[in-house]
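Below is one structure, written out as structure tokens; the observations come after it.
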Amino acid sequence: NTATAAAIHALRLEYPQLPVVGIEPALRPAVTASRTRRIAVIATRGTIESAKFQTLHASLAGQADFVLIPCDGLAGAIERSEHERVAELSGRYLGMAGRFGMQSGDIDTLVLGCTHYPFIAAELRRHTGDAVRFIEPGAAVAQQTRRLLDKGGLLRSIGDGAVTLIGSGQASGALAEAGERWLVPAALPWAG
């Protein structure tokens, strides 16, 4: 979400031949899903403060009451597998949101506005209860990616595929390590 907000327009201009798929917090699906019309959005500060997010949020004015929570440090703690820090920050930020539940005035929908947050869904669930609906755009992004690749004749339907992770500077090593850890489901520390 943060990278999309910061760079997608520039990338699309510089590489018009590539299908660049962005991600953004799923506010529209959350409005559709919510019954109480109270929705919490957890995301990085960069996402929440971006013009792209602010425009999306403003377009939904009056359709729901959004509680926006910038979660400083949470994505980094997830990347570093700092379980205690993740638990601490999750509790703090979800505690700031208000009361979760299904009654009038309760937050019944939580938007996971960072691609890191689905990895800690079980930890987040400890603070919201089982009835609260989690909304994250991962499946929609995957479907859009598949659609664009198919449209461009780039979709490979047989054989083994490959993933190439590209980073800059010293981030490359950390990116490779994170990819190995995150792209192997059994290795996910918070899976469940």
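Are any residues in segment 48-75 without any contact (Cβ under 8 Å) to a residue 40 or more places away in the chain, open to solvent by 20 Å² or more (accessible area, probe 1.4 Å) and closer than 21 Å to ALA7 by Cβ, and if so, which ones?
GLU49, GLN54, THR55, HIS57, PRO70, ASP72
Does ILE78 satisfy the criteria of being touching a strand residue (DSSP E or B) at 6+ places or on another chain (Cβ under 7 Å) and among the β-branched types (Val, Ile, Thr)? First the steps, then the outcome.
Numbers: touching a strand residue (DSSP E or B) at 6+ places or on another chain (Cβ under 7 Å): no; among the β-branched types (Val, Ile, Thr): yes.
When the stated conditions are applied, ILE78 does not pass them.
Criterion first (outside any helix (DSSP H, G or I) and within 20 Å of ARG35 (Cα to Cα)) does SER81 satisfy it? Before the answer, list the steps.
Values: outside any helix (DSSP H, G or I): yes; within 20 Å of ARG35 (Cα to Cα): no.
Answer is no for this residue.
Confirm whether GLU82 is among the acidic types (Asp, Glu) and more than 23 Å from ALA139 (Cβ to Cβ).
On the way: among the acidic types (Asp, Glu): yes; more than 23 Å from ALA139 (Cβ to Cβ): yes.
Yes; evaluated as a whole, the condition is true for this residue.
Return the total of residues in segment 85-103 being surrounded by fewer than 16 Cβ atoms within 10 Å (Cβ to Cβ) and closer than 27 Å to ALA3 by Cβ.
5
Give me the pairs: first residue in segment 109-136 and open to solvent by 10 Å² or more (accessible area, probe 1.4 Å) and in a helix (DSSP H, G or I), second residue at pLDDT 95 or above and among the hydroxyl-bearing types (Ser, Thr, Tyr), beta-carbon distance under 7 Å, and six or more apart or on different chains, which are they?
GLU123/SER90; HIS127/SER90
For ASP106, which of the numbered conditions (1) in contact with a helix residue (DSSP H, G or I) (Cβ under 8 Å, 6 or more places away or on another chain); (2) buried (at least 16 other Cβ atoms within 10 Å of the Cβ); (3) of a type in the set (D, E, K, R); (4) modelled with pLDDT of 95 or more fails to hold?
Evaluating ASP106 over (1) in contact with a helix residue (DSSP H, G or I) (Cβ under 8 Å, 6 or more places away or on another chain); (2) buried (at least 16 other Cβ atoms within 10 Å of the Cβ); (3) of a type in the set (D, E, K, R); (4) modelled with pLDDT of 95 or more leaves (1) as the failure.
Given (1) over 14 Å from the mean Cα position of the chain (by Cα); (2) modelled with pLDDT of 95 or more; (3) open to solvent by 30 Å² or more (accessible area, probe 1.4 Å), where does SER168 come up short, assuming only one miss?
(2)
What number of residues in segment 25-35 are out of contact with any Ser or Thr (no Cβ under 6 Å at 6 or more places or on another chain), touching a residue at least 24 places away in the same chain (Cβ under 8 Å) and surrounded by fewer than 21 Cβ atoms within 10 Å (Cβ to Cβ)?
Initially, segment 25-35 is screened for residues out of contact with any Ser or Thr (no Cβ under 6 Å at 6 or more places or on another chain), giving 25-29, 31-32, 35.
If we keep only those that are touching a residue at least 24 places away in the same chain (Cβ under 8 Å) as well, we get 25-29, 31, 35.
Keeping just the survivors that are surrounded by fewer than 21 Cβ atoms within 10 Å (Cβ to Cβ) gives 28-29, 31, 35.
Within segment 25-35, residues that are out of contact with any Ser or Thr (no Cβ under 6 Å at 6 or more places or on another chain), touching a residue at least 24 places away in the same chain (Cβ under 8 Å) and surrounded by fewer than 21 Cβ atoms within 10 Å (Cβ to Cβ) number 4.
From the residues in segment 110-147 that are β-branched (Val, Ile, Thr) and within 14 Å of the chain's Cα centre (by Cα), which one is farthest from ARG99 (Cα to Cα)?
Start the filter on segment 110-147 by keeping residues that are β-branched (Val, Ile, Thr), which leaves 111, 115, 120, 128, 132, 135, 141, 145.
Add one more test, that the residue is within 14 Å of the chain's Cα centre (by Cα), and what stays is 111, 115, 120, 135, 141.
Working: VAL111: 15, THR115: 24, ILE120: 20, ILE135: 17, VAL141: 30 Å.
The selected residue is VAL141.
The values are calculated or read from the model by the stated rules, or taken from the named source; none is laboratory data. The structure presented is a predicted model; accordingly, all values stated were derived computationally and were not measured. Cβ coordinates were reconstructed from backbone atoms using ideal geometry, including for glycine residues, and neighbour counts include every protein chain displayed. Only protein heavy atoms, including side chains, enter the accessible area calculation; ligands, DNA and RNA are left aside. Shrake-Rupley method; radii C 1.70, N 1.55, O 1.52, S 1.80 Å.
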